[in-house]
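A.B. asks: Sharing a structure, written as structure tokens. Questions coming.
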Amino acid sequence: MKRIRLTPLFFRRIHKWVGLILGLQFLLWALSGSVMALLDKDKVGGHGGGMSHAHPLPAGEYFNIASLPRGEPVTGVVLRDLGARPIYELRTVKGVRLVDATSGEDIRVDAGMAREVASMMNEAPIRKVSVIAKPNLESRDHEGAMWRVDFADAENSSAYVSLDTARFLVMRGDTWRTWDFFWMLHNMDYVNRKSFNHPLIIFVAFGALWLSGTGFYLLFKSFSRADFRWLRRRRKPIVTRSTA
């Protein structure tokens, strides 16, 4: 078995190939960082014309919540708006139940309700309404089933509305989708696009550290005594002759 000798030539060969592989990632980091910096931050962060879906609750008497049928224990109650409509959001062991705060009628979060909530955030025509059983990449910061409402606007916007609570969750458009793609390249999380604390990027980080260390070692080995000859030079004293 041939013995591996830890010579400068050995480190130079490994340094070359590691540098090639990591160099490609360095280019992706520079490219993705530049693109993300150039994109419109307002469009990346969300859009909808600055419209708000919150409305002040109307004054008047509300339905006595104690009169509601008790099919299961209620663990929490929230009085909030659904557009201009006050509702009770009841938290039970089986999930969330929405009740009209003035009539006591149950509210079903159907496609029409999703349209109504999404339209509060975007005035563009609605192109399609669909339900998704679990969050996708665009709505990954939220949980549970939800409605996706697609708009026919310049950004090809998509609004996400909770299937349980009818709450507006997030709005995504083409600018955000572009940003998210380059964010994936930047943090190297090609599956979830959430974390920069995963094994792949940690491995690359240690590879970059190794590359820096071996690069410094090879740089040191590339110098010879002759390269520092100029430091050892001494200027000869100048002798002047006086004439008397």
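The values are calculated or read from the model by the stated rules, or taken from the named source; none is laboratory data. Computed from a prediction, not measured in an experiment: that's the story for all the values here. Ideal geometry is used to build each Cβ from the backbone, glycine not excepted, and the neighbour counts take in all protein chains shown. Accessible surface areas use protein heavy atoms only, side chains included; no ligands, DNA or RNA. Shrake-Rupley method; radii C 1.70, N 1.55, O 1.52, S 1.80 Å.
A.B. asks: Give the aspartates and glutamates whose C-alpha is closer than 15 Å to that of LYS41, dropping any in the same chain fewer than 8 places away, or say none.
C.D. replies: GLU155, ASP174, ASP180
A.B. asks: Just by accessible area at a 1.4 angstrom probe, what is the order of THR165, THR102 from largest to smallest?
C.D. replies: Working: THR165 15, THR102 85 Å².
So, going from the largest accessible area down, we get THR102, THR165.
A.B. asks: Still on this structure, please answer the following. So how exposed is LEU31, as accessible area in Å² (1.4 Å probe, rounded to 10)?
C.D. replies: 90 Å²
A.B. asks: Volume per residue, Å³, of the convex hull around the alpha-carbon atoms of segment 85-213? Spell out each step's value before the answer.
C.D. replies: Values: hull volume 17.0 nm³, N = 129.
Hull volume normalised by residue count: 132 Å³.
A.B. asks: For the peptides 114-120, 137-143, what is the packing order when you average, over each peptide's residues, the other Cβ atoms within 10 Å and list the highest mean first? The partial results should precede the final answer.
C.D. replies: Details: 114-120: 20.4, 137-143: 14.7.
Those peptides, ordered most packed to least, come out 114-120, 137-143.
A.B. asks: Quick one: Kirkwood hydrodynamic radius for segment 73-151, alpha-carbon pairs, angstrom, one decimal?
C.D. replies: Kirkwood radius, segment 73-151: 14.1 Å.
A.B. asks: Which listed residue (PRO125, PHE151, LEU185) has the Cα farthest towards the positive end of the charge dipole for segment 116-234, taking +1 on Lys and Arg C-beta and -1 on Asp and Glu C-beta about the Cα centre?
C.D. replies: Of PRO125, PHE151, LEU185, it is LEU185.
A.B. asks: Let me ask you something else. Per residue of segment 105-111, what does 6.51 cos²θ - 1.76 cosθ + 1.60 with θ = phi - 60° give for ³J(HN,Hα)? Whole Hz please, x for Gly and Pro, Karplus curve as stated.
C.D. replies: Computed from phi, the couplings for segment 105-111 are 7, 5, 10, 9, 8, 9, 4 Hz.
A.B. asks: Same structure again: What figure in square angstrom, to the nearest 10, would you give for the accessible area of TYR88 with a 1.4 Å probe?
C.D. replies: For TYR88, the solvent-accessible surface is approximately 30 Å².
A.B. asks: Right, next: How much accessible surface area, in Å² rounded to 10, belongs to the heavy atoms of PHE196 with a 1.4 Å probe?
C.D. replies: 130 Å²
A.B. asks: So for the pair VAL204, ASN192, with labels modelled 7 Å out along Cα→Cβ, what separation do we get in nm?
C.D. replies: 1.8 nm
A.B. asks: With a 1.4 Å probe and all protein chains kept in place, how do TRP183, TRP210 rank by accessible area, largest first?
C.D. replies: Working: TRP183 60, TRP210 95 Å².
Sorted by accessible area, descending: TRP210, TRP183.
A.B. asks: Output wanted: per-residue J couplings in Hz (rounded whole) for segment 82-98, from phi through Karplus 6.51 cos²θ - 1.76 cosθ + 1.60, θ = phi - 60°, x for Gly and Pro.
C.D. replies: 10, x, 9, 10, x, 9, 9, 9, 9, 9, 10, 5, 9, x, 10, 10, 9
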